[in-house]
1. Among the helices (runs of 4 or more DSSP H) contained in the stretch B:20-98, which hold 1 or more residues that are modelled with pLDDT of 95 or more and away from chain A (no Cβ under 14 Å)?
2. Please determine, by comparing only the residues of the stretch A:107-121 that are closer than 18 Å to B:L9 by Cβ and not aliphatic (A, V, I, L, M), which one is farthest from the other protein chains (Cβ to nearest Cβ).
3. Any idea which of A:V183, A:V203, A:V146, A:V229 is β-branched (V, I, T), in contact with a Gly (Cβ under 6 Å, 6 or more places away or on another chain) and within 14 Å of chain B (Cβ to nearest Cβ)?
4. Which one is farthest from A:G215 (Cα to Cα) among residues in the stretch A:250-282 that are at pLDDT 90 or above and among the basic types (K, R)?
5. When only residues in the stretch A:210-219 that are surrounded by fewer than 18 Cβ atoms within 10 Å (Cβ to Cβ) and not in a strand (DSSP E or B) count, which is modelled with the highest pLDDT?
6. Between residues in the stretch B:42-55 that are at positive phi and residues that are part of a loop (DSSP other than H, G, I, E, B), which pairs lie under 6 Å by C-beta distance while being six or more apart or on different chains?
7. Taking the criterion of being within 24 Å of B:L224 (Cβ to Cβ), crowded, with 21+ Cβ neighbours inside 10 Å and in contact with a Ser or Thr (Cβ under 9 Å, 6 or more places away or on another chain), would at least one residue in the stretch B:175-193 satisfy it?
8. Would you check if there is a residue in the stretch B:86-98 being of a type in the set (D, E, K, R) and in contact with a Lys or Arg (Cβ under 8 Å, 6 or more places away or on another chain)?
Amino acid sequence: MSEIRIDHVSRWFRNVVAVNDVTMTIGPGVTGLLGPNGAGKSTLIALMSGFLAPSAGSVTLDGAPLWRNEQVYRQVGLVPEREALFDYLTGREFVVANAELQGLPDPGAAAQRAIALIEMTDAQDREISTYSKGMRQRIKMASALVHDPPVLLLDEPFNGMDPRQRIHLMELIRAMGAEGRTVLFSSHILEEVEQVARQIEVVVAGRHAASGDFGAIRRLMTDRPNRFVLRTADDRRLASVLLTDPSVRGARLRAEGGIELEAADFGRFSEVLPRLAREHGVRLLEVTPTDESLESVFSYLVSS
Amino acid sequence: MISRTIVRLGVRSIFGRWRGVLLFVLPLVLLGLCVLARALVGQSEEASRHTLYGLGLVVVVPLVALLATSGVLAPEIDDGSISYLLAKPIPRSTIVVSKLVVAVGCVVAFAALPLLLAGLVLRTDDPSVAVGFALGALLGGTAYCALFALLSVLTRHAVVVGLVYLLVWEGLLGGLLDGVRWLSVTRWSAEVADRVAGLTLVADLPLAYALVAGAVVIVGGAWLTGQMLRSFNLTGDE
């Protein structure tokens, strides 16, 4: 059971503060590091990877500092965000090299196990330069898992994956967490984090904005009003029906057609809308959230 | 102290890129010119001195060292793939020394041995010339590797800075100001050739000084590179 402790950590680059007095503990299970792009997620992961010195505060793994301490890498597997790999190697050679560098007794067998785990056995003898984005992501994952580390840090692991690969990786991450590993991954997409992470840490503008299980985060996000524009086959009829439900706070018919709608409870509203539309035989043509961008959700979170 | 895996990766990385081709071109040009010179002027002390020193020690040796060292370190630092080496329980000094082994291997194969051959072609009568220049190339090349390794972790423009240093300090100022010989890797290597072959490429430079200075650059450069790598700040794209 491993624990990463970030204690009052700040990191600045010249006069830009990337991480501002963050304190959090990452324990066993899957933790999602959620935040918009540029929020400081990569900086935090670099600090946890021992690739960056904190300007203030301390980052430790089970009490041992991560900065300037090579030995921690026996416990840590890293999946960096950057694409760059040793392109001139085959996938297998790359994973075997990682196993050798970890000092494993049987690098070949360890590599095969890791490659099988991420389902790259068929492509392992191709040169990495021929890999797709998703395959690169998976071979990076194999290199991080090859020494069976209790701690796994993944920086934006779902970037560039197709839906099938995404689902597979989600299952893999979930399984890693269920085995009692400490798994942390970053993402700027709430749905991704929600589907995999037991614990969510939200970072906005370098600050630790919120923390909790996905229920708590979801509530924070959904307790705010949401605005939508609906285009339907019968705007007036659906608007009147929707107003009877408590999840809807207001509806206005637009002159140019469509309904402007404010939902009080997003979770409930997303269930109610299709049901009511079906029950009353009104066809939904379009549902557009008008303020659903992640930044607006985050700005709501930070101000609360 | 040396990781066979890193050495293997280093060799693959040099010859997996176009830089690798340049490493073959430099000694081929040198040897070609030597054969030409030998055919045209025969065994000449002056011709051999100009070719082996002016082209060999001054141009080929530092360029091979620069190409090899930057080829083995700079691209990985540039694109961040060095994180796969850094995120391992290996001392940073091992990473540096292993990389330097590859670079020095290139110096031996593409600078020292070609100079030995070139010397034997130009001066069949006096093999000590060939041996002298080869040993000089080894000392100078190794020192340059350590220097350029440090440069690679200090700046993202290691190749450009290295070339400017070679042209301005070793080339231009080294030719104009006599005192530069005390701080010039090429002149130290020339002193080794001088002593073994009985030449006078550089005047008034004790061999002991050249050897100690070379050793200081090699050990100091490697050590500093390791220290820099220990405190290497590597961030994502953010």
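1. Ranges flagged: B:61-79.
2. Step by step, filter the stretch A:107-121, then rank; the result is A:G108.
3. Selected residue: A:V203, the only one of A:V183, A:V203, A:V146, A:V229 that is β-branched (V, I, T), in contact with a Gly (Cβ under 6 Å, 6 or more places away or on another chain) and within 14 Å of chain B (Cβ to nearest Cβ).
4. A:R254
5. My answer is A:A216.
6. Here the result reads none, with nothing in the stretch B:42-55 linked to a residue that is part of a loop (DSSP other than H, G, I, E, B).
7. Taking every residue of the stretch B:175-193 in turn, none turns out to be within 24 Å of B:L224 (Cβ to Cβ), crowded, with 21+ Cβ neighbours inside 10 Å and in contact with a Ser or Thr (Cβ under 9 Å, 6 or more places away or on another chain).
8. Looking through the stretch B:86-98, at least one residue is of a type in the set (D, E, K, R) and in contact with a Lys or Arg (Cβ under 8 Å, 6 or more places away or on another chain).
The values are calculated or read from the model by the stated rules, or taken from the named source; none is laboratory data. This is a predicted model, so every value here is computed, not measured. Note that we place each Cβ from the backbone using ideal geometry, even for glycine, and neighbour counts take in every protein chain shown.
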